[in-house]
Amino acid sequence: VFQGKEKEGGYDKGTGVLFSNLSNHYSRAKAQRREERVNNLDENQISKKIVNCCYKIHTTLGPGLLESVYLEILTHELRKSGMKCEKEVGIPMRYEDVKFDLGFRADLIVEDLVIVELKAIEKVLPVHKKQLMTYLGITGMKLGLLVNFNVNLIKEGIERVVNGL
């Protein structure tokens, strides 16, 4: 059960976040990669760069493409701007005494600090935000962006999801 900020594994009914013992493994790897990073940006600076790339893509291409297309182009734009990003990252988790090698697959993790979940759908539902919040809890990351490219103005399609930032 969730107790304070300990990651013993469990479910926080207040936030709806599932916590995993394996997040410690991911956090150690993340800390090591963070030391190796060239960019020493915090979550807010990274999210600003992500939003700027999303704006550029949306003003150039508009809505109506598949999510996979936006993922490839956003990855290209972020790498072009010098950002480290990994797409479709499999994240392990633990439930009770069972280890799952693939608890979920994040669309994009930028600079090992921000999870980006992309959508190209008619309407973002509350479950999409809860899903991203769960991903943040499992990984121990503090910031996620839920980006829906199927909107007229991209600012209407970007939502910040925060986990203790």
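Placing a pseudo-label 7 Å from each Cα along the Cα-to-Cβ vector at residue 122 and residue 51 gives an inter-label distance of 2.9 nm. Count Lys and Arg as plus one, Asp and Glu as minus one, and take only other residues whose Cβ is under 14 Å from that of residue 80; the net charge is then +2.
Determine, from the Cβ-Cβ distance of residue 105 and residue 156 and an R0 of 22 Å, the FRET efficiency 1/(1 + (r/R0)^6), rounded to the nearest 0.05. Calculated value: 0.25.
Dipole magnitude for the stretch 34-129: about 360 debye, using +1 per Lys or Arg Cβ and -1 per Asp or Glu Cβ, origin at the Cα centre. For the residue pairs 80/142; 87/130; 123/155; 87/119; 48/80, alpha carbon separations beyond 18 Å are given by 80/142; 87/130.
Spin-label model, residue 76/residue 95: points 7 Å from Cα along the beta carbon direction are separated by 3.8 nm.
Read-outs: derived from the displayed coordinates by stated rules, not from any lab. Keep in mind the model is a prediction, meaning the values are calculated, not measured. A quick note on method: Cβ atoms are made from the backbone with ideal geometry, for glycine too, and the neighbour counts reach across all protein chains shown.
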